[in-house]
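The values are calculated or read from the model by the stated rules, or taken from the named source; none is laboratory data. Given the structure is predicted, the values throughout are model-derived calculations rather than measurements. All Cβ positions, glycine included, derive from the backbone under ideal geometry; neighbour counts span all protein chains shown. Just the protein is used for accessible areas: all its heavy atoms, side chains included, with ligands, DNA and RNA removed. Shrake-Rupley method; radii C 1.70, N 1.55, O 1.52, S 1.80 Å.
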Amino acid sequence: MILLAIETSCDDTCAAVTDDERILSNVISSQAAAHERYGGVVPEVASRHHLELVNPVVDAALGEADVELADVDALAVTRGPGLIGALLVGVSTAKALAAPLRKPLVGVDHLHGHVAANFLAPEPLKPPFLCLIASGGHTLLAGVTSWDGFKVLGQTLDDAAGEALDKGARLLGLGYPGGPAIERAARTGDPAAFEFPVAMSRDPGLDLSFSGLKTALRYAVRDLDAPTLDRRRADLAASYQAAVVDQLIAKLRRGIAKGEWEAVALGGGVAANGRLRERATALCEDAGLRLKLVPGELCTDNAAMIASAARFLDPAPYPEYLAWAAAA
Ligand code: KG4
Ligand code: ZN
């Protein structure tokens, strides 16, 4: 089944064509440069960029896949969660492409998309598995026991892991997006140089929290004079990244212990992080579990993961979906 999927929930304009579990094209136009000077995503700027980029990105995805719109069996689009204006661009575009050809349309939950990135070739993962989703907007442990959804086993009580990295990078003057910037800076730093709190470590549940960590970094930065901050920036980045990863790994370890899982997967932009991937690899080796790691470009936002999720959901026939709103 050939699917054309569109994803515009945040600051990446994405379209992809898939044929069952195979990716035929996966086009991502990042708006990072447009948001960098603000140190984060500005919703209205994102919507306007999506409007300009979405048609060329869809054309590029069809072109790279060598597929005509008429040959597509169904379209898929992220309906939420995300920035409402950004989502609306994707939903309206998908409707406008699907309706004239009377094609069915599948509405996809963005987080289910991050889970479903693991269903793609090569070596697609099958439920059941435990999935850690860590992105800019969400951080949760998902129990995936079916193809069409997941159960939230625990989640952040405040900031998301990616949000903590983005805000941390801003405090350190490292630019946006913060996760990759902190990872780069951390390469020459000592992760044990500063002791940052690993929240929720004594909490027996699976919830997470990152806002205290961000505050601890703010105080650490405040207490250093400018030349010392310059000299110790890599150490701060490495120690901060280590504290984020330590908490994610502690909760993943606890999630593994609480269930009868045979496999573990990671999803969301933070899953592209090298330190998290290494630590998760060691954890799953110890636990004797298969760990599925998709490439970085399938961790961060993309439309191939939306198409992947859509394969397992009921499509809405024309004209039912014309009444759809986006769901922020
Ligand atoms: O899944 P995603 O692309 O968008 C959302 O759904 O939010 O995740 C974006 C987040 C950002 O916070 C970004 O800083 C983080 O993922 N991120 C990373 C890395 N690449 C992206 N965090 C740590 N290490 C990375 N290599
Ligand atoms: Zn995402």
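For the residues Gly154, Gly113, the requirement of being more than 15 Å from Ala280 (Cβ to Cβ), surrounded by 20 or more Cβ atoms within 10 Å (Cβ to Cβ), in contact (Cβ under 8 Å) with a residue 40 or more places away in the chain and away from ligand 2 (no atom under 16 Å from the Cβ) singles out Gly154.
Taking the condition within 16 Å of ligand 2 (Cβ to nearest atom), aliphatic (A, V, I, L, M) and in a strand (DSSP E or B), does Ala16 pass? So Ala16 fits the description; yes.
Of the set (1) at pLDDT below 95; (2) among the basic types (Lys, Arg); (3) surrounded by 19 or more Cβ atoms within 10 Å (Cβ to Cβ), all apply to Lys103 but (1). Count of the range 290-319 residues, restricted to those that are open to solvent by 10 Å² or more (accessible area, probe 1.4 Å), touching an Asp or Glu at 6+ places or on another chain (Cβ under 6 Å) and within 16 Å of ligand 2 (Cβ to nearest atom), is 1.
Among the residues of the range 260-277, write down those that are more than 12 Å from ligand 1 (Cβ to nearest atom) and modelled with pLDDT of 95 or more.
Keep residues of the range 260-277 that are more than 12 Å from ligand 1 (Cβ to nearest atom), which gives 260-265.
Correct list: Trp261, Ala263, Val264, Ala265.
Only one of the listed residues (Leu206, Leu248) is assigned to a helix (DSSP H, G or I), within 23 Å of Gly113 (Cβ to Cβ) and not small (Gly, Ala, Ser). That residue is Leu248. Filter the range 186-205 down to the residues that are open to solvent by less than 30 Å² (accessible area, probe 1.4 Å) and not hydrophobic (A, V, I, L, M, F, W, C), then identify the one that is farthest from Ala257 (Cα to Cα). By that ranking, first place goes to Gly189.
Does Ser9 meet the test of being hydroxyl-bearing (Ser, Thr, Tyr), touching a residue at least 12 places away in the same chain (Cβ under 8 Å), in contact with a helix residue (DSSP H, G or I) (Cβ under 7 Å, 6 or more places away or on another chain) and open to solvent by less than 20 Å² (accessible area, probe 1.4 Å)? Please lay out each step first, then the result.
Values: hydroxyl-bearing (Ser, Thr, Tyr): yes; touching a residue at least 12 places away in the same chain (Cβ under 8 Å): yes; in contact with a helix residue (DSSP H, G or I) (Cβ under 7 Å, 6 or more places away or on another chain): yes; open to solvent by less than 20 Å² (accessible area, probe 1.4 Å): yes.
Taking the combined requirement at face value, the residue satisfies it.
Restricting the range 157-169 to residues that are in a loop (DSSP other than H, G, I, E, B) and open to solvent by 10 Å² or more (accessible area, probe 1.4 Å), the residue that is farthest from ligand 1 (Cβ to nearest atom) is Leu157. If you take the residues of the range 116-136 that are within 15 Å of ligand 2 (Cβ to nearest atom) and either free of Cβ contacts under 8 Å to residues at least 40 places away in the same chain or not polar (S, T, N, Q) (or both), which of them is farthest from Ile256 (Cα to Cα)? Out of the qualifying residues, it is Gly136. You will find that of Leu213, Leu172, Leu208, the residue that is within 20 Å of Leu141 (Cα to Cα), open to solvent by less than 40 Å² (accessible area, probe 1.4 Å) and touching a residue at least 60 places away in the same chain (Cβ under 8 Å) is Leu208 and no other. For the range 261-289, which positions are free of Cβ contacts under 8 Å to residues at least 60 places away in the same chain and either among the aliphatic types (A, V, I, L, M) or open to solvent by 20 Å² or more (accessible area, probe 1.4 Å) (or both)? Listed by number, the residues that qualify are Arg277, Glu278, Arg279, Thr281, Ala282, Leu283, Glu285, Asp286, Ala287, Gly288, Leu289.
Going by the structure shown, is Leu252 closer than 30 Å to Ala74 by Cβ and of a type in the set (A, V, I, L, M)? Considered against the rule, which asks whether it is closer than 30 Å to Ala74 by Cβ and of a type in the set (A, V, I, L, M), Leu252 comes out as no. In the range 34-59, of all residues being of a type in the set (A, V, I, L, M) and within 28 Å of Arg170 (Cα to Cα), the one that is least open to solvent (accessible area, probe 1.4 Å) corresponds to Ala46.
As for the range 95-108, it holds at least one residue that is within 16 Å of ligand 2 (Cβ to nearest atom), touching a residue at least 12 places away in the same chain (Cβ under 8 Å) and touching a helix residue (DSSP H, G or I) at 6+ places or on another chain (Cβ under 6 Å).
Of everything listed in (1) over 24 Å from Leu293 (Cβ atoms); (2) modelled with pLDDT under 95; (3) touching a helix residue (DSSP H, G or I) at 6+ places or on another chain (Cβ under 6 Å); (4) of a type in the set (A, V, I, L, M), the single unmet condition for Ala193 is (2).
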